[in-house]
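The values are calculated or read from the model by the stated rules, or taken from the named source; none is laboratory data. This structure is a prediction, so every number in the text was calculated from the model and none was measured. Reconstructed Cβ throughout: ideal geometry from the backbone, glycine too, with neighbour counts over all protein chains shown. Quick note on the areas: whole protein, heavy atoms, side chains included, nothing else; ligands and nucleic acids left out. Shrake-Rupley method; radii C 1.70, N 1.55, O 1.52, S 1.80 Å.
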Amino acid sequence: MKSFSRSERVNEQIQRELAQLIRYELKDPRLGSHMKLVTLTDVEVTPDYAHAKVFYTSLSGAEHREAVDRGLKAAAGFLRRELGRRIRIHHIPELHFHYDASVDRGTH
């Protein structure tokens, strides 16, 4: 039986909750439907829970990648606040979004 560390469970829970928040709660008229095509691929939280790297990919195409990146970074405060309402840890980490190019490399 494989045992998971607490940090792995926190990473997974943050990833699940952020995916739901982005898909159903994030309403930015500047981005339109591009945010619906965002997939979170991984979350890495630092050991002190101060920062979280959130890796994402988007199916909206390379031409919209910059807009999606700006939208996620602009929504980081909202997402962090909502994350604090959904999960119970002492400190909700700062969210840092990074595009995950591994999916693009995999298709080539």
Within the range 58-71, restricting to residues that are among the hydrophobic types (A, V, I, L, M, F, W, C) and open to solvent by 20 Å² or more (accessible area, probe 1.4 Å), the one that is modelled with the lowest pLDDT is Ala62
Of all residues in the range 90-108, count the ones that are surrounded by 12 or more Cβ atoms within 10 Å (Cβ to Cβ), in a loop (DSSP other than H, G, I, E, B) and at pLDDT below 85. 0
For the range 7-26, pairs from a residue that is under 12 Å from Leu37 (Cα atoms) to a residue that is surrounded by fewer than 18 Cβ atoms within 10 Å (Cβ to Cβ) and among the polar types (S, T, N, Q), with Cβ under 9 Å and 6 or more apart or across chains, are Ala19/Thr39
Qualifying residues in the range 27-57 (those that are modelled with pLDDT under 85 and in contact with a Leu (Cβ under 8 Å, 6 or more places away or on another chain)) - the one least open to solvent (accessible area, probe 1.4 Å): Met35
Quick check, is Ala74 among the aliphatic types (A, V, I, L, M), open to solvent by 40 Å² or more (accessible area, probe 1.4 Å) and at pLDDT 90 or above? yes
Taking the conditions exactly as written (among the charged types (D, E, K, R) and touching a helix residue (DSSP H, G or I) at 6+ places or on another chain (Cβ under 6 Å)), does Glu82 satisfy them or not? yes
